[in-house]
Amino acid sequence: MVLCAPGFPSSRDDSDKPFLLNHALALVSAGSDVTVVCPAVPGLPSRQTVEGVEVVRVRYAPRRFETLAATGSMYREARGLQSVFVLPMILTLILRVILESRKKKPLVVHGHWWVPGGFVAVVANFFVKTHSVVHLHGSDSVVANNSVMRWLARWVMRSATSCLAVSDALAEWGCEVSSRDVEVCPMPIAEEFGRRRKIPPPDGPIVGVGRLVREKGFDTLLRAVAQIEIADRPKLVIIGEGEEREALVYEADSLGVDLLLVGSLSPEKVADWYLEARFVVVPSRREGFGLVAAEAAACGRAVVGTRVGGLPELIEHKVSGLLVEADDEDELSEAIGSVELNWGSAGPERVVWLSKERHAQYLISLYSRLDSR
């Protein structure tokens, strides 16, 4: 198969969309030949093999301007002057997918995010005899923020042979926009999570993971922790990079919150932090699925999360963690103070369905159904 996405990890230790590597490796382990086509990133080779997955990074501008795929947030990067490179990027991706498809003759071109991956897959499908799959992720609904983009999203989804989404909530959105069936297919959990087990330390930090951007709600988490009495206030560790780093450091200092920002880490080191945590908090204002909650649950950690995206599908309230309203620092603070650490023992069973074996089994079955039409 040919997979088209707005970015792809350069190694297992790369923190840029590691779930796409898990997705590709699941297919490889099931016997599929996978070629990934994605935009170029300065400093990375145009062709490489990552854990048996062939990755083709497509040039679309002078090197110093090829930053659309460099941060993991293409929809944020594609603003202002950088927006002039969006069309060249999409055109070169389409051309490369067509060339790779004619050479490899894949059964499916699988596009991640309705734009650019889904759009590229659908257009390329007009030139090669294959099937196109559009896979919706968290920012897809945000990108379709006006009538033109919503119409384009509808056209892409309706033109695809099949449409998938990583959560029930996102599938409902896709169904509403496209007036077609959208199946749910979340990304699998990496093998690093759940491989080791450790009893949650009652004096450990609480841990958050994600890009340091407003949608992840870490500012709300800081204010929630600050409401806890100083003697009982836990240390907070946040894993990730992003534009709000300095603002979070300043706010933590002003609120008297003991905050450690450790930057982006490999999945193995993220798993280490889960094991050191008393529990994990996912305070997002918006989520497509909520893979952090799934990873933490696999490691046997209770999770406090907001009622957005796929988080209610992953967290069973007062069984494996707690659910709170997004942006409600009072409710979040109360939840942090009332988590029972033994709820984490219910986590692994709740996410067993996210194994790479089940992921591959579902996709191979889907591709076979498409081929039999």
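The values are calculated or read from the model by the stated rules, or taken from the named source; none is laboratory data. Given the structure is predicted, the values throughout are model-derived calculations rather than measurements. All Cβ positions, glycine included, derive from the backbone under ideal geometry; neighbour counts span all protein chains shown.
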**Q.** Residue selected from the range 170-186 under the condition within 24 Å of Leu25 (Cβ to Cβ) and not aliphatic (A, V, I, L, M), by the criterion farthest from the chain's Cα centre (by Cα)
**A.** Glu183
Q: Among the residues of the range 126-181, write down those that are closer than 25 Å to Lys104 by Cβ, modelled with pLDDT under 95 and either in a helix (DSSP H, G or I) or among the hydroxyl-bearing types (Ser, Thr, Tyr) (or both).
A: Thr130
Q: Kindly provide the set of residues from the range 336-353 that are touching a residue at least 40 places away in the same chain (Cβ under 8 Å) and either part of a loop (DSSP other than H, G, I, E, B) or under 17 Å from Arg223 (Cβ atoms) (or both), ordered by number.
A: Ile336, Gly337, Val339, Val351
Q: Would you mind stating whether Glu100 is assigned to a helix (DSSP H, G or I), at pLDDT 95 or above and not basic (Lys, Arg)?
A: yes
Q: State all residues of the range 324-335 that are assigned to a strand (DSSP E or B) and either outside the structural domain of Ile228 (by TED's automatic domain parsing) or surrounded by fewer than 19 Cβ atoms within 10 Å (Cβ to Cβ) (or both); if no residue qualifies, say none.
A: none
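So that you can scan it fast, the table gives a plain yes or no per residue for (1) on the phi < 0 side of the Ramachandran plot; (2) under 22 Å from the mean Cα position of the chain (by Cα); (3) touching a residue at least 24 places away in the same chain (Cβ under 8 Å):
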{"site": "Phe126", "(1), (2), (3)": "yes, no, no"}
{"site": "His137", "(1), (2), (3)": "yes, yes, yes"}
{"site": "Leu164", "(1), (2), (3)": "yes, yes, yes"}
{"site": "Asp168", "(1), (2), (3)": "yes, yes, yes"}
{"site": "Pro188", "(1), (2), (3)": "yes, yes, yes"}
{"site": "Phe193", "(1), (2), (3)": "yes, yes, yes"}
{"site": "Pro202", "(1), (2), (3)": "yes, no, yes"}
{"site": "Ala224", "(1), (2), (3)": "yes, no, yes"}
Q.
Contact list please: Cβ distance under 9 Å, first residue in the range 305-321 and within 16 Å of Leu341 (Cβ to Cβ), second residue basic (Lys, Arg) and assigned to a helix (DSSP H, G or I), pairs at least six apart or on different chains.
A. Ile315/Arg350; Glu316/Arg350; Val319/Arg350; Ser320/Arg350
Q. When the residues of the range 227-270 are filtered to those that are in contact (Cβ under 8 Å) with a residue 60 or more places away in the chain and within 17 Å of Gly337 (Cα to Cα), which remaining residue is farthest from the chain's Cα centre (by Cα)?
A. Asp232
Q.
Six or more apart or on different chains, Cβ atoms under 6 Å: show the pairs whose first residue is in the range 101-118 and closer than 17 Å to Leu363 by Cα and whose second is among the β-branched types (Val, Ile, Thr) and outside any helix (DSSP H, G or I).
A. Pro106/Val2; Pro106/Thr130; Val108/Val133; Val109/Val2; Val109/Thr130; His110/Val133; Gly111/Val134; Gly118/Val134
